[in-house]
Amino acid sequence: MREILRSLGIEDVNAGGFGGAWTGSGKAQTVVSPINGEALATVTNVTPAEFDGILARSHEAFQTWKLVPAPKRGEVVKALGDELRRNKAALAELVTLEMGKTLREGLGEVQEMIDICDFAVGLSRQLYGLTMPSERRQHRLQEQWHPLGVVGIITAFNFPVAVWSWNTAIALVCGDTVLWKPSSKTPLTAIACTKLAEKVLREFGYDPAICSLAIGRGSDIGDLINTDPRVALVSYTGSIPGGRHVGGLVQQRFGRHILELGGNGAVIVSEKGNLDIALRSIYFGAIGTAGQRCTSTRRVIVHRSIHDTFLARLAELYDRTPIGDPRGDEHLMGPLVDPGAVDTLLAAMATVQAEGGRLVCGGERLPLPGGCYVTPALASVPGNLPIVQEETFAPILYVMPYDTLEEAIALQNGVTQGLSSAIITDDQRESELFLSAAGSDCGIANVNTGTSGAEIGGAFGGEKETGGGRESGSDAWKAYMRRQTSAINFSGRVELAQGITLEL
Ligand code: UN1
């Protein structure tokens, strides 16, 4: 363990702030692994005054970084991707140690970081603006995309490194600087990533404050990010109440935000679908990352004709879930992030039964070191009970029956969140209906694959209380730049638009 920490530059005590130099004289916290309760290292938070200095440096770094040609900025992101490739195993192990996801998922998370760097390198030569035909003679109408400013990135514990990279790789090629406030539950991975970025930026001779870091509580450091006009864009990943708070503050000052909030992923299993595909996708979607992804499968809406047999097959899989130390390849599910998450799961189990649901299996605390292990829970419910409408960030799967596809789609859409959804069917009419305007209302709608594991090439995010933001691939980069529209007159005359005449 020590070796992994050391190879990533993590000491026994670490300063939690970086703005070209490491600082952090605030409250110290000891990071404990959910794997076994072992102390990993100590981190000192930044004080509000230190935060102000870091933001000032990040803002100053923007003034020069924005002038570097985008393909040159892409070279830095390419080198960051290479650095991540070199450190993939160690970083994945640190992710596992700090938040408890299985090592194979930790490796997948670092792979997402590498993939987004590759994507961003290509993007650095493709920040295309449009030209449009002008309605006036000998005029040209065009748009350009310019760097925006400092991007504040506030991330959650469940993807402690990938979410930073989706934002950072894109922001950097767009000419922005980034200031990261990670979850207080996962500061070590944030320090490790910032050190990798620092190394790359120094090697190129750029200001290392381009990738800054400020570890502290959401209520102080987070709100300083949300309220400071020097932060042009706040990209926030977290809970719905958290997003409501962040969005309100950022909107007050007319800043920009990307909100990526709660999900309530559902899979519709048609009687015309391949049930092996359904089982595997639902099982991984529900127990992967111990149910702590925003894309986790939380609901299964299964055709009544196959409901009972499908539930029995799922229960059989659930019962033999290998649970334990996430570093071992033999375990498919590790611990939850902390003992509080276990309490949340147990409370939800009681609530679903009180509301008329039936517990099929699981939902118990396991007596393993650290106190963060549970058995994944499967509950049979008649529909979207109040507890089903909440995103309980734990491995609980609610299974409900449907009769018509229209009814299944209404159930799928009948929650306040709108992130991820899927249908398992071999009937093209069903899948097309699901993907049509009459279908899923989510930002992600998959066919014959589960709700989680979105690829970086697409834009990631969702609707309704999920917040509406998009990050990662496709044209999500546009949120990280400012658009400038120009009319250029080369006629030598004055001609007003909209046919207005001006006689002088
Ligand atoms: C999240 O849970 O916040 O689609 C992100 C997925 C991952 C990202 C999840 N690529 O499951």
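Table: residues versus (1) in the same structural domain as PRO34 (by TED's automatic domain parsing); (2) in a loop (DSSP other than H, G, I, E, B); (3) touching a strand residue (DSSP E or B) at 6+ places or on another chain (Cβ under 9 Å).
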position	(1), (2), (3)
SER281	no, no, yes
GLY285	no, no, yes
ALA290	no, no, yes
CYS294	no, yes, yes
ILE301	no, no, yes
TYR318	no, no, yes
ARG327	no, yes, no
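Scan the stretch 98-114 and report the pairs whose first residue is more than 14 Å from the ligand (Cβ to nearest atom) and open to solvent by 10 Å² or more (accessible area, probe 1.4 Å) and whose second residue is among the acidic types (Asp, Glu) and assigned to a helix (DSSP H, G or I), with Cβ atoms within less than 8 Å and a gap of 6+ or a chain change.
Hits for this filter: LEU103/GLU93.
Keeping to the stretch 184-225, report how many residues are touching a helix residue (DSSP H, G or I) at 6+ places or on another chain (Cβ under 6 Å), farther than 16 Å from GLU50 by Cα and not hydrophobic (A, V, I, L, M, F, W, C).
6
Among the residues of the stretch 479-500, is there at least one that is under 29 Å from the mean Cα position of the chain (by Cα), at positive phi and in contact (Cβ under 8 Å) with a residue 24 or more places away in the chain?
Of all residues in the stretch 479-500, those under 29 Å from the mean Cα position of the chain (by Cα) come to 479-484.
Adding the requirement that they be at positive phi leaves none.
No: the stretch 479-500 contains no residue that is under 29 Å from the mean Cα position of the chain (by Cα), at positive phi and in contact (Cβ under 8 Å) with a residue 24 or more places away in the chain.
Quick one: which of LEU411, LEU397, LEU419, LEU405 is within 15 Å of the ligand (Cβ to nearest atom) and surrounded by 18 or more Cβ atoms within 10 Å (Cβ to Cβ)?
On the way: LEU411 fails: within 15 Å of the ligand (Cβ to nearest atom); LEU397 fails: within 15 Å of the ligand (Cβ to nearest atom); LEU405 fails: within 15 Å of the ligand (Cβ to nearest atom).
Result of the check over LEU411, LEU397, LEU419, LEU405: LEU419.
Which of the residues spanning the stretch 82-97 are touching a residue at least 40 places away in the same chain (Cβ under 8 Å) and either open to solvent by 50 Å² or more (accessible area, probe 1.4 Å) or assigned to a helix (DSSP H, G or I) (or both)? Quick ask: steps written out before the conclusion?
Let us first name the residues in the stretch 82-97 that are touching a residue at least 40 places away in the same chain (Cβ under 8 Å), namely 83-84, 87, 90-91, 93-97.
Passing the criteria: GLU83, LEU84, ALA90, LEU91, GLU93, LEU94, VAL95, THR96, LEU97.
May I ask you to list pairs of residues, at least six apart or on different chains, whose Cβ atoms are under 9 Å apart, with the first in the stretch 284-306 being farther than 21 Å from THR321 by Cα and open to solvent by 10 Å² or more (accessible area, probe 1.4 Å) and the second being hydroxyl-bearing (Ser, Thr, Tyr) and more than 16 Å from the ligand (Cβ to nearest atom)?
Close Cβ pairs (under 9 Å, with a partner that is hydroxyl-bearing (Ser, Thr, Tyr) and more than 16 Å from the ligand (Cβ to nearest atom)) amount to HIS303/SER270; HIS303/TYR402; ARG304/TYR402; ILE306/SER270.
Taking the options THR309, THR351, THR321, THR295, name whichever one is within 16 Å of the ligand (Cβ to nearest atom) and at pLDDT 95 or above. Outline the logic, then answer.
Values: THR309 fails: within 16 Å of the ligand (Cβ to nearest atom); THR351 fails: within 16 Å of the ligand (Cβ to nearest atom); THR321 fails: within 16 Å of the ligand (Cβ to nearest atom).
Answer to the check: THR295.
Give me the strands (runs of 3 or more DSSP E) completely within the stretch 13-81, filtered to those with at least 1 residues that are at pLDDT below 95 and either touching a His at 6+ places or on another chain (Cβ under 9 Å) or open to solvent by less than 20 Å² (accessible area, probe 1.4 Å) (or both), ordered by residue number. Full working, then the answer.
On the way: elements: 13-15, 28-32, 39-44.
Where strands (runs of 3 or more DSSP E) fall fully within the stretch 13-81, none carries at least 1 residues being at pLDDT below 95 and either touching a His at 6+ places or on another chain (Cβ under 9 Å) or open to solvent by less than 20 Å² (accessible area, probe 1.4 Å) (or both).
Only residues that are assigned to a strand (DSSP E or B) and among the hydrophobic types (A, V, I, L, M, F, W, C): list them for the stretch 337-383, please. Even if it seems obvious, please write down each step before you answer.
Pass one, the stretch 337-383, residues assigned to a strand (DSSP E or B): 358-361, 365, 374, 377-380.
Passing the criteria: LEU359, VAL360, CYS361, VAL374, ALA377, LEU378, ALA379.
Pairs under 6 Å by beta carbon, first residue more than 10 Å from LEU261 (Cα to Cα) and near the ligand (Cβ under 10 Å from one of its atoms) in the stretch 451-473, partner open to solvent by 40 Å² or more (accessible area, probe 1.4 Å) and hydroxyl-bearing (Ser, Thr, Tyr), six or more apart or different chains?
Between residues of the stretch 451-473 that are more than 10 Å from LEU261 (Cα to Cα) and near the ligand (Cβ under 10 Å from one of its atoms) and residues that are open to solvent by 40 Å² or more (accessible area, probe 1.4 Å) and hydroxyl-bearing (Ser, Thr, Tyr), the close pairs are GLY458/SER474.
In the stretch 307-333, what count of residues is obtained for those that are open to solvent by 50 Å² or more (accessible area, probe 1.4 Å), in contact (Cβ under 8 Å) with a residue 12 or more places away in the chain and closer than 17 Å to ILE35 by Cβ? If you could, list the steps in order and put the result at the bottom.
The initial filter retains those residues of the stretch 307-333 that are open to solvent by 50 Å² or more (accessible area, probe 1.4 Å), namely 308-309, 312-313, 316, 319-320, 325, 327, 329-330, 332.
Still in the running and in contact (Cβ under 8 Å) with a residue 12 or more places away in the chain: 313, 319, 325, 327, 329, 332.
Next, from what is left, pick out any that are closer than 17 Å to ILE35 by Cβ: 325, 327, 329, 332.
Counting residues in the stretch 307-333 that are open to solvent by 50 Å² or more (accessible area, probe 1.4 Å), in contact (Cβ under 8 Å) with a residue 12 or more places away in the chain and closer than 17 Å to ILE35 by Cβ gives 4.
If a residue must be within 16 Å of the ligand (Cβ to nearest atom) and over 27 Å from SER165 (Cα atoms), how many such residues does the stretch 425-446 contain?
Within the stretch 425-446, the subset within 16 Å of the ligand (Cβ to nearest atom) is 440, 442-446.
With the extra rule that they be over 27 Å from SER165 (Cα atoms), the set shrinks to 440.
Total satisfying the criteria: 1.
Would you confirm whether or not the stretch 148-171 contains a residue that is under 16 Å from ALA459 (Cα atoms) and more than 16 Å from the ligand (Cβ to nearest atom)? Explain how you work it out, then say what you get.
At the first step, the residues of the stretch 148-171 found to be under 16 Å from ALA459 (Cα atoms) are 162-171.
Then keep just the ones that are more than 16 Å from the ligand (Cβ to nearest atom); that gives 171.
Yes: the stretch 148-171 contains one or more residues that are under 16 Å from ALA459 (Cα atoms) and more than 16 Å from the ligand (Cβ to nearest atom).
Which is surrounded by fewer than 24 Cβ atoms within 10 Å (Cβ to Cβ), under 18 Å from THR289 (Cβ atoms) and within 16 Å of the chain's Cα centre (by Cα), of GLY453, GLY462? Before the answer, list the steps.
Working: GLY462 fails: surrounded by fewer than 24 Cβ atoms within 10 Å (Cβ to Cβ).
After applying the criteria, what remains is GLY453.
Any residue in the stretch 256-268 that's closer than 15 Å to VAL388 by Cβ: show its pairings with residues that are acidic (Asp, Glu) and within 14 Å of the ligand (Cβ to nearest atom) at Cβ separation under 6 Å, as long as the two are six or more apart or on different chains.
Every condition considered, the pairs that remain are GLY262/GLU391; ASN264/GLU391.
If you check LEU366, LEU336, LEU346, which single one turns out to be outside the structural domain of VAL32 (by TED's automatic domain parsing), open to solvent by less than 40 Å² (accessible area, probe 1.4 Å), within 30 Å of GLU98 (Cα to Cα) and not hydroxyl-bearing (Ser, Thr, Tyr)? Break it down stepwise before answering.
Details: LEU366 fails: open to solvent by less than 40 Å² (accessible area, probe 1.4 Å); LEU346 fails: open to solvent by less than 40 Å² (accessible area, probe 1.4 Å).
None of the others qualify; the one that does is LEU336.
Scan the stretch 260-285 for residues that are aliphatic (A, V, I, L, M) and within 12 Å of the ligand (Cβ to nearest atom) and report the count. I'd like the intermediate steps shown before the answer.
Taking the stretch 260-285 first, the residues aliphatic (A, V, I, L, M) are 261, 266-269, 275, 277-279, 282.
Remaining after also requiring within 12 Å of the ligand (Cβ to nearest atom): 261.
Result for the stretch 260-285: 1.
Does GLY222 satisfy the criteria of being more than 21 Å from ASN413 (Cβ to Cβ), assigned to a helix (DSSP H, G or I) and within 18 Å of the chain's Cα centre (by Cα)?
On the way: more than 21 Å from ASN413 (Cβ to Cβ): yes; assigned to a helix (DSSP H, G or I): yes; within 18 Å of the chain's Cα centre (by Cα): yes.
Yes: the conditions hold for GLY222.
The values are calculated or read from the model by the stated rules, or taken from the named source; none is laboratory data. The structure displayed is predicted, hence computed values, not measured ones. Heads up, the Cβs are rebuilt from the backbone with ideal geometry, glycines too, and the neighbour counts pull from every protein chain shown. Please note that ligands, DNA and RNA were not included when accessible areas were found on the heavy atoms of the full protein model with its side chains. Shrake-Rupley method; radii C 1.70, N 1.55, O 1.52, S 1.80 Å.
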